[in-house]
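Presented below is the structure to which this report refers.
The values are calculated or read from the model by the stated rules, or taken from the named source; none is laboratory data. Please read all numbers here as calculations on a predicted model, not as lab measurements. Positions of Cβ are generated from backbone atoms using ideal geometry, with glycine treated the same way; all protein chains shown enter the neighbour counts.
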Amino acid sequence: MPRTDTLLADERLAAAGARLGRGLVKDAVQAVQQRIRSGELAPPDAVDAVLSVLPATASSLRPVLNATGVLVHTNLGRSPLSEVAVEAMVAAAGTTDVELDLLSGRRGPRGAGAIDALLAAVPAAGAAIVVNNCAAALALVATALGQDRELVIARGELVEIGDGFRIPELLAATGARLREVGTTNRVTLEDYRDAVHDETGAVLKVHPSNFVVRGFTRSVPVHELAGALGPDGVPLVADVGSGLLRPHPLLPDEPDLQSTLAAGADLVLASGDKLLGGPQAGLVLGRADLVARLRRHPLYRALRVDKTTLAALEATLRGPLPPVQQMLAADVETLRERARAIVARLGAAGVDASVVDAEARVGGGGAPEHPLPSAAVSLPASFAEPLRQGEPPVVGYLDDGRTLLDLRSLPPSSDEALAAAVLAVAAR
Ligand SMILES: *Cc1c(COP(=O)(O)O)cnc(C)c1O
């Protein structure tokens, strides 16, 4: 039986230990010794056997090719980051000046660059802070403005975001009392007026991101509510969800940060990793005095983001269009051309592949009414599972007995890897 020490000292296993950590390698060594003991494996094969079961990287998260056609796919990590954002994260990953002013040598404001970039992108905001995600932003606002007070919210905006996450439950968990106004389908300015009194901490508007109510409906837009509450009245907080900075021509129903503040909201909240296309983060922008209250609240310390998130957020805001925005803007004819090029390669290798029209989605609970015209590579249904389990994994979807690989949710730079993954499955 080869000794544990001897195996760990082997050149190749020592190198793996330096890359993956000694613990992982030791566990694998012990599993292999067990196999030798049971006669399943010959002792000279020990090192090769250990290497064959070791993971490629220290983290088990793997890059996946997203061919689902859902641009912001929560199960696939939402927004893919732009190259500049990845570079900024790597640069900030070591020791960095996140809270040090290198000019004076004094402590500096945390993540000032990201905040400046947010304020430059949304000029209607007087100040901004960044927390872990939009749910954290809501929790912070509800706690700081609503604890032991009332939050006024329309019944039609008591939204479930996904995976059982219900905004009213989150708000109630902060100790705020919810004062629901209106009905499922209709709410008026009078409903809000009647509900606001001296116990009111804030009026909250939540964008119903992932559904629409049609027919006999009415809601009160931010500018009307703001006008009725007045500039010195109860704060008006709007959760816009998707994180669009400005109106987007392709998504006319998605609210954006700049317009919502300009319409009179005192604070706006959004996610960093939906349509903004950046890292997971919760953004709060608006009136400087309210933002200062949030920053001073003890809960802020528990919700703030780390240096790498601040770095990626700043780079996303200042850098070139992030992948999600590029995918959104991609012209369908270009997507078809990409699909034709891939299908030509697959067809030449004898794979039953064709180009089909498809409908992509924004995803992440955004713009449910806006299918995006797209193009997909159509393959036999039997390809779906081996593609998902391949290297790199490719996740498409099944439609009408075929596996479809939608190209709108994939950057063009992945086409080569996509074709290779399909060819690898076909070759088996
Ligand atoms: C997605 C969403 C949230 C939750 O955002 P996270 O960043 O996932 O915490 C909250 N409110 C609205 C309106 C949303 O669309």
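In the range 81-114, of all residues being within 15 Å of residue 281 (Cβ to Cβ) and either under 18 Å from the mean Cα position of the chain (by Cα) or free of Cβ contacts under 8 Å to residues at least 40 places away in the same chain (or both), the one that is surrounded by the fewest Cβ atoms within 10 Å (Cβ to Cβ) corresponds to 89.
Output the number of residues of the range 226-261 satisfying the condition of being more than 16 Å from residue 288 (Cβ to Cβ) and more than 16 Å from the ligand (Cβ to nearest atom).
First, the residues of the range 226-261 that are more than 16 Å from residue 288 (Cβ to Cβ): 226-230, 233-234, 238-256, 258-260.
This time we only want the ones that are more than 16 Å from the ligand (Cβ to nearest atom), so: 226-230, 233-234, 246-247, 249-250, 252, 258.
Matching residues across the range 226-261 total 13.
Looking only at the range 96-109, decide whether some residue is small (Gly, Ala, Ser) and touching a helix residue (DSSP H, G or I) at 6+ places or on another chain (Cβ under 8 Å). Among the residues of the range 96-109, not one is small (Gly, Ala, Ser) and touching a helix residue (DSSP H, G or I) at 6+ places or on another chain (Cβ under 8 Å), which makes the answer no. Pairing residues of the range 411-428 that are assigned by TED's automatic domain parsing to the domain that holds residue 374 with residues that are surrounded by fewer than 14 Cβ atoms within 10 Å (Cβ to Cβ), at Cβ distances under 6 Å and at least 6 apart in sequence or on separate chains, gives 423/349. Residue 203: surrounded by 20 or more Cβ atoms within 10 Å (Cβ to Cβ), within 16 Å of the ligand (Cβ to nearest atom), over 25 Å from the mean Cα position of the chain (by Cα) and assigned by TED's automatic domain parsing to the domain that holds residue 119, yes or no? Answer is yes for this residue. If we scan the range 15-22, do we find a residue that is assigned to a helix (DSSP H, G or I) and closer than 30 Å to residue 161 by Cα? There is no residue in the range 15-22 that is assigned to a helix (DSSP H, G or I) and closer than 30 Å to residue 161 by Cα.
When residues in the range 62-92 are screened for being more than 16 Å from the ligand (Cβ to nearest atom) and part of a strand (DSSP E or B), 2 of them pass. Taking the condition among the polar types (S, T, N, Q), more than 30 Å from residue 335 (Cβ to Cβ) and assigned to a loop (DSSP other than H, G, I, E, B), does residue 52 pass? Answer is no for this residue.
Just to be sure I understand, how many residues within the range 262-292 are surrounded by fewer than 24 Cβ atoms within 10 Å (Cβ to Cβ) and more than 10 Å from the ligand (Cβ to nearest atom)? I'd like the intermediate steps shown before the answer.
Quick first cut of the range 262-292, residues surrounded by fewer than 24 Cβ atoms within 10 Å (Cβ to Cβ) only: 262-264, 266, 280, 287-292.
Narrowing the set further to residues that are more than 10 Å from the ligand (Cβ to nearest atom) leaves 262-264, 266, 287-292.
Of the residues in the range 262-292, 10 are surrounded by fewer than 24 Cβ atoms within 10 Å (Cβ to Cβ) and more than 10 Å from the ligand (Cβ to nearest atom).
Within the range 174-196, track down each residue that is on the phi < 0 side of the Ramachandran plot, in contact with a strand residue (DSSP E or B) (Cβ under 7 Å, 6 or more places away or on another chain) and not in a helix (DSSP H, G or I). Once the filter is applied, which keeps residues that are on the phi < 0 side of the Ramachandran plot, in contact with a strand residue (DSSP E or B) (Cβ under 7 Å, 6 or more places away or on another chain) and not in a helix (DSSP H, G or I), the range 174-196 yields 174, 176, 177, 178, 179, 180, 181, 186, 187, 188, 196.
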